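Notes follow the structure.
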Number of protein chains: 2
Amino acid sequence: MMKKTIRVEMLNIGDELLNGTAVNTNATWLCGRCMHEGVNVLAVTMVGDSLEEIMRALKRAAMRSDVVIITGGLGPTSDDRTKDAALAWFGGTMAPVTSEIERIRQLFAERGYPLTERNIQQGWIPDTAFSLGNPVGTAPGMEFRKDDTTFVFLPGVPAEMKAIFDQHFPRWFGHNEINGRFVFSEMITVGIGESFVAESLSEWQANLPKELSLAFLPSAGLVKIRLSCFSKDIKATQLKMNMLLSQAANHFPGDAFMTAGASWDEYFHRKMLSTDKTISTAESCTGGYLAHRITSVPGSSAIYRGSIVAYHNDIKEGFLDVPEKTLAAHGAVSSEVTAIMAENIRRKFQTDIGVAISGIAGPDGGTAEKPVGTVWIAVADGQQLHKKMFLMGSDRIRNIEKSAVMAMKMVLNLLTSQ
Amino acid sequence: MMKKTIRVEMLNIGDELLNGTAVNTNATWLCGRCMHEGVNVLAVTMVGDSLEEIMRALKRAAMRSDVVIITGGLGPTSDDRTKDAALAWFGGTMAPVTSEIERIRQLFAERGYPLTERNIQQGWIPDTAFSLGNPVGTAPGMEFRKDDTTFVFLPGVPAEMKAIFDQHFPRWFGHNEINGRFVFSEMITVGIGESFVAESLSEWQANLPKELSLAFLPSAGLVKIRLSCFSKDIKATQLKMNMLLSQAANHFPGDAFMTAGASWDEYFHRKMLSTDKTISTAESCTGGYLAHRITSVPGSSAIYRGSIVAYHNDIKEGFLDVPEKTLAAHGAVSSEVTAIMAENIRRKFQTDIGVAISGIAGPDGGTAEKPVGTVWIAVADGQQLHKKMFLMGSDRIRNIEKSAVMAMKMVLNLLTSQ
């Protein structure tokens, strides 16, 4: 029997999604997971915590989709209306799920919190639903079936939503075989603007096989280039895409990094680990953000020893031994000062590599000579000293992010130039 | 004549919204702007770059809304289908908008880019539309009217979308006067779980005036409590809401902070500034993240001098003078070690206040005695020394975030306890 492509849609519920307070990251995560399972998402709808609007959206979804994934509004407070809407739409009466209530009791006992009637009520769901146990929180998910459509209700808290989804999705998508699975292939290109990347790759892009989708995903200082498609022969497809991405990478010598599925921070961590070298940082304008990026990856203590965040010039003098006269002659944002900072943090913290950043993050503090966005970065390993000046924009947070990423890129370049 | 409340909805178009690649920040921004103009957004829909799905969504929106704001799919590449859908739905023929084409020519000349036929085509729109000039990019917006509904098409590029919206929205919302403008009132409650906050406030909540909406907005370590409503007398409403929030704050002595519209970091910055005191930090498990939070606010050099990120115990010994025998006897994650770190960073960096954090962020490194999520924080000002142990969860990033926020809270408590 020919299997059909299943039609999936999302419904995200919450006033915070419609009043400018919250960004709907749940939809993005769920759509990404669906794609990886070979399931195209038809549409995403967001409505507020309104019984009328939730029911209207459920009705519409029922007419066109095989699986409807709903998030939000399962919390313990009175502004959460999703359970009421489900009860009204699917019928039934509220009933306690003994196993869920027991789990909630245990969770509160473990954490030493007082258990309230509200918390217990989270373990009640309509008796027309199948309960989806929540391994990390108090609100269980619910699964309903009406006519030929499966309705899955998940909590809005991302960690709880993800945990329940990952445990149950094969059942919901089990009958999808026609398109094969979705295959992604990724790499990262660094320090080059998106339009320049697109321009450089226009000929390469024109020759791509028709079945492949190409995406440029820019973030502060980085553009990730991604190929994707549906395929039944995942291995062969992956190989072909990686070959094409290698060709693309050759357009950007020294600026392209084969990150595959890893985040930039994870990629940096792995590269450092593989060289068996340690690193320390001396930060001025980035104020600890580079240290944070490096230590956000589990196991970072294997490569990282620490940082001196020398926000004030006194700290640069007293703890990084930058001579007062160097600061006076060249200013804190200079090739000379960052070079000393990088070399001295390396020596003091006894690491293989020392990195220093000093700049004007903005919005204030710029001069005609050194406008906001001027950043000096130095990387030292005892033999080599790489220094570079960047002229970034006027957005403080973006300048901080881009500086950290550029410093990490300079470290990776130093590692390969030895 | 009685004016009616206008019904507004959003339609965001783009494959990237449905495949897990992009987060729909345009909807969040647009919803926020609508709310501030006194306009409730009914629903947000996202569909891919599919002629069929776009037309279906337009049809549905036409049935229920007075204003439909559509973003995305106006770009120059072949995967952008929005103009085709508009042409099919509203009729007409494509026609050049002379002023737009002239503007595109100028833009390319100024930037020194070669002008292609594709770029010129962006200046063509259906002749059934009113053109909305794009002050910052190449794709003009379009405005259609069909039956009693206004359809506004904006580019997906955030800067372009925002610029066009801000120039034209009064016309679209001009007939909305019945509800007045939207008023927000905010405060922050710290270090207490959402369900406990809701429980403590249940009586207060039951007595709230009916016209006010209440929201609990949790983030790592914090719950923000917000009241909002539509009002014509903004000043009086703001006063009433602030009074009610003061009552709510009284339920959480030492844990409630009147942040109003400020972010937590901005609030911390202002409080520190108002006391004229300086601060330095000594971080282990948070790896520079506390320093980053403090320095993410412009002007932070007035309150902040720097940090020693002592990720490795050698750094704690060598640069924060933690005795080797104290480390051996109590471990790095201990009351004793964090107390010494806080006092020594304060003295060494010559600040009024020193803060130290040491913990096990996870996912590895826990023991039976000190499980993952154990965090010690100490705050010292030369006279007082506040120390506290926290038992957090197993999520590394969340533990890092929560530790930084708890440390900032302890500093604020120290300031007011003097």
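The values are calculated or read from the model by the stated rules, or taken from the named source; none is laboratory data. No experiment lies behind these values; they were computed from the predicted model shown. Here Cβ is always computed from backbone atoms with ideal geometry, including for glycine, and neighbour counts include all displayed protein chains. Surface areas here come from the heavy atoms of the whole protein model, side chains and all, with no ligands, DNA or RNA. Shrake-Rupley method; radii C 1.70, N 1.55, O 1.52, S 1.80 Å.
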Problem set entry | Partners for B:LYS235 among aspartates and glutamates (Cα-Cα distance below 18 Å; same-chain residues under 8 apart left out) | B:GLU37, B:GLU177, B:GLU186, B:GLU211
For this session: Kindly provide the pair-distance distribution of region A:95-150 built from C-alpha pairs, with 10 Å bins from 0 and whole-percent values in order of increasing distance.
Result: 24, 50, 19, 6, 1
Exercise. Given 25 °C and 0.890 mPa s, how large is the Stokes-Einstein diffusion coefficient of region A:21-139 in µm²/s, with Rh as the Kirkwood radius over Cα pairs?
Worked result: 153
Exercise. So what are the ³J(HN,Hα) numbers for region B:97-112, from phi and the Karplus equation (6.51, -1.76, 1.60; θ = phi - 60°), rounded to whole Hz, Gly and Pro as x?
Worked result: 9, 3, 5, 5, 5, 4, 5, 5, 4, 4, 4, 5, 5, 4, 7, x
Exercise. Using the Cα atoms of chain B to build a convex hull, what is its mean projected area in square nanometres?
Worked result: 26.6
For this session: Put a label point 7 Å from Cα along the Cβ direction on A:ASP148, then list its distances to the equivalent points in the other copies in nm, shortest first.
Result: 3.7
Problem set entry | Value of Rg to Rh for region B:116-243 (Rh from inverse mean 1/r over Cα pairs, i.e. Kirkwood) | 1.17
For this session: Can you tell me which of A:22-29, A:372-379 comes out highest on packing, and rank the rest after it, using the mean Cβ neighbours within 10 Å?
Result: A:372-379, A:22-29
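Calculate the FRET efficiency for A:SER274 and A:SER417 from the Cβ-Cβ distance with a Förster distance of 22 Å, rounded to the nearest 0.05. Write out the running numbers ahead of the final one.
Details: r = 16 Å, r/R0 = 0.71.
The formula returns an efficiency of 0.90 here.
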Seminar exercise, completed: The FRET efficiency for B:MET94 and A:HIS251, from their Cβ-Cβ distance with R0 = 25 Å and rounded to 0.05, is 0.10
Seminar exercise, completed: Here the net charge surrounding A:PRO76, from other residues whose Cβ is less than 10 Å away from its Cβ (Lys, Arg +1; Asp, Glu -1), is -3
For this session: Give the long-range amide H neighbours of A:VAL322: residues separated by 5 or more places, or on another chain, with amide H under 5 Å away, using H modelled in the peptide plane at 1.01 Å from N.
Result: A:GLU317
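Considering every residue in B:273-286, what mean count of other chain Cβ atoms within 10 Å of its Cβ is obtained? Intermediate values should be presented prior to the final figure.
On the way: counts 0, 0, 0, 0, 0, 1, 0, 4, 2, 0, 7, 3, 2, 4.
Taking the mean over all residues of the peptide, I get 2.
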Exercise. Summing Lys, Arg as +1 and Asp, Glu as -1, what charge do residues with Cβ under 13 Å from the Cβ of B:GLY354 carry, B:GLY354 excluded?
Worked result: +1
Seminar exercise, completed: To the nearest 10 degrees, the tilt of helix B:51-64 (Cα long axis) against the first principal axis of the alpha carbons of chain B is 90
Exercise. How far, in degrees from 0 to 90, does helix B:264-275 lean away from the longest principal axis of the Cα atoms of chain B, to the nearest 10?
Worked result: 50
Exercise. Roughly how tilted is helix A:158-173, in degrees to the nearest 10 and between 0 and 90, from the longest Cα axis of chain A?
Worked result: 60
Exercise. To the nearest 0.05, how large is the calculated FRET efficiency for B:MET243 and B:SER219 if R₀ is 25 Å and r is the Cβ-Cβ distance?
Worked result: 0.50
Exercise. Taking the label point as lying 7 angstrom from Cα along the Cα-to-Cβ axis, what are the distances from A:ASN207 to the corresponding position in the remaining copies, in ascending order and in nanometres?
Worked result: 7.6
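Which entries of A:LYS232/B:LYS402; B:LYS232/B:LYS402; A:LYS146/B:LYS402; A:LYS59/A:LYS232; A:LYS224/A:LYS370; A:LYS59/B:LYS402 have Cα-Cα distances beyond 32 Å here? Mind dumping the intermediate values first?
Working: A:LYS232/B:LYS402 44 Å; B:LYS232/B:LYS402 39 Å; A:LYS146/B:LYS402 42 Å; A:LYS59/A:LYS232 34 Å; A:LYS224/A:LYS370 30 Å; A:LYS59/B:LYS402 40 Å.
Listed pairs above 32 Å: A:LYS232/B:LYS402; B:LYS232/B:LYS402; A:LYS146/B:LYS402; A:LYS59/A:LYS232; A:LYS59/B:LYS402.
Other chains near B:315-325: what is the mean number of their Cβ atoms within 10 Å of each residue's Cβ? Don't skip to the end; give the middle numbers.
Working: counts 8, 1, 0, 4, 5, 1, 0, 0, 0, 0, 0.
That works out to 2 on average.
222 nm [θ] for chain A, helices only, -39500 (n - 2.57) per DSSP H run of 4+, per residue, to 500? Show your work: numbers first, answer last.
On the way: 16 runs with 171 residues, N = 418.
So the helix-based figure for chain A works out to -12500 deg cm²/dmol.
Chains B and A: how much accessible area gets covered up at their contact, both sides added, probe 1.4 Å, in Å² to the nearest hundred? Display every interim value, and only then the final one.
Details: alone 19920 and 19970 Å², together 34420 Å².
Roughly 5500 Å² of accessible surface disappears when B and A pair.
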Exercise. If you average over every viewing direction, what projected area does the convex hull of the Cα atoms of region A:281-387 give, in nm²?
Worked result: 6.7
Seminar exercise, completed: For region B:15-89, the Cα-Cα pair-distance distribution in 10 Å bins from 0, as whole percents, is 17, 49, 32, 3
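Using every Cα-Cα pair within region A:207-273, state what percent have a distance larger than 20 Å. Display every interim value, and only then the final one.
Working: 745 of 2211 pairs.
I get 34 percent for the Cα pairs in region A:207-273 exceeding 20 Å.
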Exercise. Taking the Cα-to-Cβ direction at B:THR77 and at A:LYS146 and moving 7 Å from each Cα, how far apart do the two end points lie in nm?
Worked result: 3.9
Exercise. In angstroms, what radius of gyration and Dmax does region A:331-418 have, counting Cα atoms only?
Worked result: 13.0, 39
Exercise. For B:ASP233, which inter-copy label distances result when the label point lies 7 Å beyond Cα on the Cα-to-Cβ vector, reported in nm to one decimal and in ascending order?
Worked result: 7.6
Exercise. Of A:LYS277/A:LYS348; A:LYS387/B:LYS316; A:LYS162/A:LYS210, which sit over 22 Å apart, Cα to Cα?
Worked result: A:LYS387/B:LYS316; A:LYS162/A:LYS210
For this session: Any chance you could list P(r) for region A:279-329, counting all Cα-Cα pairs in 5 angstrom bins from zero, rounded to whole %?
Result: 5, 21, 25, 19, 14, 9, 5, 2, 0
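Given that compact globular proteins tend to follow 2.2 N^0.38 Å, what is the ratio of the alpha-carbon Rg of the protein assembly as shown to that value? Intermediate values should be presented prior to the final figure.
Numbers: Rg = 28.0 Å, N = 836, 2.2 N^0.38 = 28.4 Å.
Normalised Cα radius of gyration, the protein assembly as shown: 0.99.
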